[in-house]
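See structure below.
Read-outs: derived from the displayed coordinates by stated rules, not from any lab. Quick caveat: nothing in here was measured; it's all calculated off a predicted structure. Positions of Cβ are generated from backbone atoms using ideal geometry, with glycine treated the same way; all protein chains shown enter the neighbour counts.
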Amino acid sequence: MDLSSEAIIAFMERHQEWSFWLSLVFAAAETTAFLSLLVPSTAILVGVGATVATGAVPFLPIWAGAALGAIVGSTFSWWLGWRFGDRILKMWPMRDHPDLVGQAEEAFRKWGMGAVFIGHFFGPLRPVIFLFAGMMKMSLPLFLIVNVVAAMAWAYVIPKFGEVGGIIIGWFWNLFGF
């Protein structure tokens with residue numbers, strides 16, 4: 001985790017009223033094509049989850065914000081794929097990551113709508129799988145059904161992973177009397 005991630009997590013600890021909105025922004029960035037390659041959102045959401053274990057931040061606003069943000073970001077990526085088709089693969093940064101594009105294309109052709117679900121949880125697919133859903137003209141209602149369920153599950157699991165990690169670290173901390 002870098003200094004900026006730590007600063008954001010510390011800000012969320014001090015300003016709980018912003019936890020919903022910040023979780024929404026970082027989850028949207030994590031699930032939006034192009035942005036997900038630039039913003040360390042998963043690390044931030046896991047780190048914020050660790051603060052839940054200390055009682056510094058409540059879980060519900062983080063989960064709700066992250067779920068809504070993931071729905072917004074991935075649906076926007078679907079729209080980009082729908083609107084621009086394979087032309088988007090010739091743009092930066094997609095043209096610089098042909099391996100990611102190949103993995104996403106293979107996953108979408110193999111699993112179809114299941115790839116949208118898996119894409120939320122599998123980091124290397126996240127930047128492009130939602131684009132492929134749009135490029136392959138997956139219907140919006142079908143995409144939204146799978147995407148909403150997956151986004152809600154992802155938004156629960158990622159901060160919860162940090163929370164459980166925080167609980168384990170706290171347990172060891174107390175066990176050894178630090």
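Here are the numbers for this structure:
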| item | result |
| --- | --- |
| Dipole axis of the range 1-141 (+1 Lys, Arg; -1 Asp, Glu on Cβ), positive-most option in ILE88, LEU125, LEU24 | ILE88 |
| Share of Cα-Cα pairs in the range 134-178 lying beyond 17 Å, as whole percent | 57 percent |
| Helix axis angle, 98-111 relative to the chain longest principal axis, alpha carbon, degrees | 80 degrees |
| Listed residues SER23, SER139, SER36, most fluctuating in the chain (Gaussian network, C-alpha, under 10 Å) | SER139 |
| Long-range HN-HN contacts of ALA33 with modeled amide H, under 5 Å | SER77 |
| The chain: most fluctuating residue of PRO98, PRO141, PRO58 per GNM, C-alpha cutoff 10 Å | PRO141 |
| GNM flexibility winner over the chain from VAL52, VAL25, VAL149 (Cα, springs under 10 Å) | VAL149 |
| Hits among aspartates and glutamates - C-alpha to C-alpha of LYS90 under 15 Å, sequence gap 8 or more where chains match | ASP99, GLU105 |
| Computed helical MRE - 222 nm, the chain, DSSP H runs ≥ 4 contributing -39500 (n - 2.57), nearest 500 | -25000 deg cm²/dmol |
| Footprinting exposure proxy for THR42, THR54 (fewest neighbouring C-beta atoms within 10 Å first) | THR54, THR42 |
| In degrees, nearest ten, helix 3-14 long axis to first principal axis of the chain (Cα) | 60 degrees |
| Three semi-axes of the equivalent ellipsoid, the range 100-157, Cα gyration tensor, whole Å, largest first | 16, 14, 8 |
| Kirkwood Rh in Å, taken over all unlike Cα pairs in the chain | 16.5 Å |
| Order of ILE167, ILE129 - criterion: other Cβ atoms within 10 Å of each residue's Cβ, fewest first | ILE167, ILE129 |
